[in-house]
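The values are calculated or read from the model by the stated rules, or taken from the named source; none is laboratory data. Since we're looking at a predicted model, the values are computed, not measured. Here Cβ is always computed from backbone atoms with ideal geometry, including for glycine, and neighbour counts include all displayed protein chains.
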Amino acid sequence: MTRLYSGFMADYPRYAIYYAPAPGSDLDRFGAQLLGYDAYSGEDLPFPEGIMQIASDWRDLTKDPRKYGFHATLKAPMSLSPGKTETELLAACESFAGKPRPIPVITPVVGSISGFIAVVPCLLRRRPNLNGLPRIVQANSIRSARC
């Protein structure tokens, strides 16, 4: 079997920034049931009613995502620049999160990002400033060029 995404793991620390819904929230329950796995409890869950009739290979399709739980990747894995610390990265993230900004309105579609099935924006009704975080990370020279 050929893996669609990289199986190689770097031999240096990498960091990524994710959003995971609050445990027990409606979004958490939706995602956990869709994946058939509760990342907070570690329990397998039944899939939503009827999904196996629509997509008989749903269990196979969600095998890899179940490892990670239901989440949104805000910043893909990256390494820190030489001399930069995790503390500096956390400070940059806190600074970014502390600034209000408009919430983007998207038309979601199912797509693929580096071999991972994901919900991605199809059409943007208002141009979001989603690149603010990478700019902060780059502006603070925290992100390494080898990402």
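I need the full set of residues from segment 9-27 which are part of a loop (DSSP other than H, G, I, E, B), modelled with pLDDT of 90 or more and within 22 Å of residue 76 (Cα to Cα), in order please. Within segment 9-27, 20, 21, 22 meet the criteria. Residues that are within 24 Å of residue 25 (Cβ to Cβ) and of a type in the set (Lys, Arg) within segment 40-71 comprise 66, 67, listed in sequence order. Only one entry of 47, 70 meets the criterion of being part of a loop (DSSP other than H, G, I, E, B) and within 23 Å of residue 114 (Cβ to Cβ), and that entry is 70. The residues in segment 37-55 that are among the polar types (S, T, N, Q) and loosely packed, with under 10 Cβ neighbours inside 10 Å can be counted, and the count is 1. Can residue 95 be described as modelled with pLDDT under 85 and of a type in the set (Gly, Ala, Ser)? Against the criterion (modelled with pLDDT under 85 and of a type in the set (Gly, Ala, Ser)), residue 95 does not qualify.
If the condition is being without any contact (Cβ under 8 Å) to a residue 24 or more places away in the chain and surrounded by 14 or more Cβ atoms within 10 Å (Cβ to Cβ), then segment 92-110 contributes only 106. Close contacts from segment 111-128, counting a first residue that is on the phi < 0 side of the Ramachandran plot and a second that is at pLDDT below 75 and not in a strand (DSSP E or B), with Cβ to Cβ under 8 Å and a gap of 6+ residues or different chains, come to 112/4; 116/4; 116/5.
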